[in-house]
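The values are calculated or read from the model by the stated rules, or taken from the named source; none is laboratory data. What you see is a predicted model, and the numbers here were worked out from it, not measured in a lab. Virtual Cβ from ideal backbone geometry, glycine too; neighbours counted across all protein chains shown. Keep in mind that these areas ignore ligands, DNA and RNA; they rest on the heavy atoms of the full protein, side chains included. Shrake-Rupley method; radii C 1.70, N 1.55, O 1.52, S 1.80 Å.
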Amino acid sequence: TGSYEYIFSDSGAKISIRKTNSNIIQVILRSGGVFKSSISTLAITDTDFHELCVVYDSSLALGSRCKIYIDSVITTTTDNTLSTIDDGVVGYSIGSRLGGGAEEFNGNIQQLSIIDIPLTQVQITDL
């Protein structure tokens, strides 16, 4: 695999979720050609099943819009989110970077859900 293992990516690199070579989760958002990322504090170093949940809430202040939960625990350290995210996604890829490449996710993805409302920590725990 490459430096990153892509869990999810879309057609225009507007949103990507990937695991870095340091085993942390990184969420990358794009708007108007500007890229910003949010990074988790927890490194996933084992091969156990983990629940990953990314919540983006545009109603919150900049710097607190993107939250990364691992096993229902918030783990975001750096939140460099944008005021808006580009829309117009026409395709996406699960487990690899859209368009191919050597940055495939090395693991199993059991379920992926995209929900159009921001979830609370209690709702994430109940998933």
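Numerical summary
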| item | result |
| --- | --- |
| Hits in the range 1-38 - residues which are under 15 Å from residue 75 (Cβ atoms), β-branched (Val, Ile, Thr) and within 9 Å of the chain's Cα centre (by Cα) | 7, 17, 25, 27 |
| Evaluation of residue 51 against (1) within 21 Å of residue 126 (Cβ to Cβ); (2) over 15 Å from the mean Cα position of the chain (by Cα) (one fails), failing number | (2) |
| Any chance residue 81 is modelled with pLDDT under 90 and surrounded by 18 or more Cβ atoms within 10 Å (Cβ to Cβ) | yes |
| Close pairs from the range 105-119: first closer than 20 Å to residue 48 by Cα, partner open to solvent by less than 70 Å² (accessible area, probe 1.4 Å) and part of a loop (DSSP other than H, G, I, E, B), Cβ under 7 Å, at least 6 apart | 105/95; 105/96; 109/95 |
| Search result, residues across the range 6-44 that are open to solvent by 40 Å² or more (accessible area, probe 1.4 Å) and of a type in the set (D, E, K, R) | 30, 36 |
| The range 85-96 residues that are over 17 Å from residue 29 (Cβ atoms) and surrounded by 15 or more Cβ atoms within 10 Å (Cβ to Cβ), paired with ones that are modelled with pLDDT of 70 or more and small (Gly, Ala, Ser) (beta carbon under 9 Å, 6 or more apart) | 95/107; 96/9 |
